[in-house]
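Presented below is the structure to which this report refers.
Here, each number is a calculation from the coordinates, and none is a lab measurement. No experiment lies behind these values; they were computed from the predicted model shown. Cβ atoms come from the backbone with ideal geometry, glycine included; neighbour counts cover every protein chain shown.
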Amino acid sequence: MIFEAEFESMRAADLRNLQSKRLAARSASVYERVDFYRSKFDEAGVKLADISTIDDITKLPITRKQDLRDNYPFGLFGQERGRISRIHASSGTTGKPTVVGYTRDDVDLFARVNARCLAMAGAEPRMTLHNAYGYGLFTGGLGLHYGAERLGMTVVPVSGGMTERQIMLITDFQPDMISCTPSYGLTLAQEFAERGVSPLDISLSLGILGAEPWTEMMRSEVDAGLGLKASNIYGLSEIIGPGVSCECVEERSGSHINEDHFFPEILDPITAEPVPEGQEGVLVLTTLTKQAQPLLRYWTGDITSLSSEDCRCGRTLRRMALIKGRTDDMLIIRGVNLYPTEVELVLGNIAELSPHYRLVVSREGTLDELWVETEVTDEVFKIVGGDALDDEVIAADEFLAGLRSRIKHGLKESLGVTAGVALKAPGSVPRSEGGKLNRVEDRRKLT
Ligand code: DLL
């Protein structure tokens with residue numbers, strides 16, 4: 001089902017008109033209400049009269065995370081404090097969190113776009129959602145919660161963590177759908193497998209997974225391990241939280257962006273100039289309707305591409321590809337640029353490996369070193385493990401050496417990087433305990 005068909009399936013020309021009107025109105029309102037934007041417009045010599053169609057968006061200043069930091073906590077609010085009905089924040093890796101405010105209308109929008117996303121991912125009224133995103137300042141829990149209620153679902157507000165209890169609640173309450181990070185989806189799948197529960201016996205049939213980068217390889221693992229169809233949901237606190245875009249369950253090939261509210265551009269990471277459709281670059285989003293903290297051309301740092309191809313689901317909203325990573329997460333190893341998801345794709349092609357991996361980067365003298373720690377599957381471990389027969393142990397050594405060298409070759413061929421490979425026993429690489437999983441340990445930052 002389509003939750004708001006009049007917007008989600010709009011004719012392209014009508015959508016453009018709506019976006020143009022909204023952009024002009026939003027520009028005027030931030031000019032009037034937010035000192036930061038007034039100075040930016042004045043410095044750049046942008047006049048409100050210059051902003052009449054959505055194409056004029058390129059005349060507007062770009063907003064960066066540093067601007068939010070400089071105006072911490074409430075300096076970018078476009079409303080007086082009394083009109084702010086909710087505040088969320090994302091923890092960030094260093095220092096102060098990034099703050100986001102919502103008016104009552106924004107909270108309503110937050111619910112609606114998440115209801116849209118849940119419906120995109122296959123949800124219907126009366127289904128039950130097991131919501132394992134964290135509740136609190138993080139936008140995931142409350143975002144999906146309000147969206148599910150708006151759609152008419154039953155929500156189980158479990159939040160992240162306490163895996164034992166999650167398993168019990170899924171078994172007892174028999175939900176139709178789960179929302180969690182992909183890495184936590186894997187953790188849950190593994191816990192069910194360890195209890196001998198077949199995916200066919202898990203009640204879940206749908207998933208809405210996101211908040212961290214993942215690949216098709218991870219998706220197949222989660223789908224198979226939990227016996228469901230998982231769709232990707234994307235969003236970020238600065239823009240609203242989850243609800244910016246989501247894949248439809250019909251195609252699961254690119255996430256439909258709620259672009260009547262969040263206008264997307266893809267810009268070159270270096271020059272910040274627009275790139276042609278289909279080409280990768282940094283996703284930059286403008287909030288067209290948000291009141292409390294409207295952001296113009298917010299540089300998300302996330303690398304993706306856009307497509308306006310028709311979709312079987314009937315939505316006309318453009319789609320964005322799976323996120324390759326965030327520019328901050330790009331590793332530079334001896335001059336080679338690479339994202340963890342690219343390593344994940346290489347490992348995903350090797351049947352003897354489980355989907356769990358970790359990257360360790362260090363520096364020996366002046367040279368960067370990358371170590372890929374990855375687990376062999378249970379089947380491989382049984383063959384090469386302690387209970388193998390004597391002559392099989394020798395064969396096992398050769399087999400493992402061969403496997404290591406295949407991984408090294410794969411990484412070199414696909415990514416041009418030379419990496420050390422550590423093969424680990426099943427269960428020894430860290431798992432998600434409820435939220436986003438950090439798969440990279442960059443020891444260079446410590447020195
Ligand atoms: O992660 C909001 C969210 C909650 C999205 C639940 C989806 C589901 P932040 O904590 O502010 O907000 O982190 C935002 O996470 O800029 C991306 O780098 C990354 N991210 C979010 N969704 C995806 C995704 C929430 N589906 C940052 N794929 C973003 C890849 C994602 N990366």
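So here's what we get for this one:
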| read-out | value |
| --- | --- |
| Net charge dipole size for the range 330-446 [Lys, Arg +1 and Asp, Glu -1 on Cβ; Debye, nearest 20] | 780 debye |
| Charge tally in the Cβ shell below 14 Å around residue 417, where Lys, Arg are +1 and Asp, Glu are -1, residue 417 excluded | -2 |
| Proximal charge balance of residue 159 [Cβ under 13 Å; K/R count +1, D/E count -1] | 0 |
| Amide proton proximity set for residue 236, modelled H, under 5 Å, gap of 5+ | 241, 244 |
| Whole-number percent relative contact order across the range 330-446, with pairs defined as alpha carbons under 8 Å at least 6 apart | 34 percent |
| Highest-first arrangement of 179-189, 347-357, 406-416, where packing means the average Cβ count within 10 Å | 179-189, 347-357, 406-416 |
| The range 372-383 - phi-based ³J(HN,Hα) in whole Hz, Karplus 6.51/-1.76/1.60, Gly and Pro as x | 9, 9, 9, 9, 7, 6, 4, 4, 5, 5, 4, 6 |
| Two-site label geometry, residue 330 and residue 307: point separation in nm, points 7 Å out along Cα→Cβ | 2.3 nm |
| Spin-label pair residue 444/residue 205, simplified geometry with 7 Å Cα→Cβ offset, distance in nm | 4.9 nm |
| Share antiparallel - DSSP beta bridges, the range 330-446, percent rounded to 5 | 55 percent |
| Cysteines in the chain lacking a second Cys C-beta under 4.7 Å | 180, 311 |
| For the chain, share of DSSP beta bridges that run antiparallel, in % to the nearest 5 | 60 percent |
| Dimensions in Å of the chain - Rg and Dmax from alpha carbons | 23.0, 82 |
| Leading residue at positive end of dipole, the range 330-446 (Cβ point charges), from 361, 372, 411 | 361 |
| Calculated over the range 179-261: convex hull of Cα atoms, volume per residue (Å³) | 89 Å³ |
| At R0 = 35 Å, FRET efficiency that the Cβ-Cβ distance of residue 108 and residue 428 yields, to 0.05 | 0.15 |
| Summed residue charge, Cβ within 13 Å of residue 168's Cβ, Lys/Arg positive, Asp/Glu negative | -1 |
| Proxy reagent accessibility, fewest Cβ within 10 Å first, across 371, 214, 299 | 371, 299, 214 |
| Gain upon complete extension [residue 4, residue 50; 0.36 nm per residue less C-alpha separation] | 13.4 nm |
| Globularity index of the range 301-447, i.e. its alpha-carbon radius of gyration over 2.2 N^0.38 Å | 1.26 |
| Charge dipole of the range 277-361 about the Cα centre (unit charges at C-beta), most positive-ward option of 327, 347, 316 | 316 |
| Amide proton proximity set for residue 253, modelled H, under 5 Å, gap of 5+ | 248 |
| Likely footprinting exposure, 253, 305, fewest C-beta neighbours within 10 Å first | 253, 305 |
| Rounded to whole Hz, the Karplus (6.51, -1.76, 1.60) HN-Hα couplings of the range 20-25, x for glycine and proline | 4, 4, 5, 5, 4, 5 |
| Sorted by Cβ density within 10 Å, fewest first, the residues 362, 39 | 39, 362 |
| Helical contribution to [θ] at 222 nm, DSSP H n ≥ 4, -39,500 (n - 2.57), averaged over the chain, rounded to 500 | -10500 deg cm²/dmol |
| Relative contact order of the chain, defined on C-alpha pairs under 8 angstrom at six or more residues apart (%) | 14 percent |
| Lys, Arg +1 and Asp, Glu -1 on Cβ, resulting dipole of the chain about Cα centre, debye, nearest 20 | 1660 debye |
| For the range 115-123, Karplus couplings with θ = phi - 60° (6.51, -1.76, 1.60), whole Hz, Gly/Pro x | 4, 4, 5, 4, 5, 4, 7, x, 5 |
| Label-to-label distance, nm, for residues given as residue 197 and residue 16 (7 Å Cα→Cβ offset) | 5.1 nm |
| Degrees, to the nearest 10: 163-173 long Cα axis against longest axis of the chain | 70 degrees |
| For residue 422, distant residues with modelled amide H under 5 Å away | 372, 373, 374 |
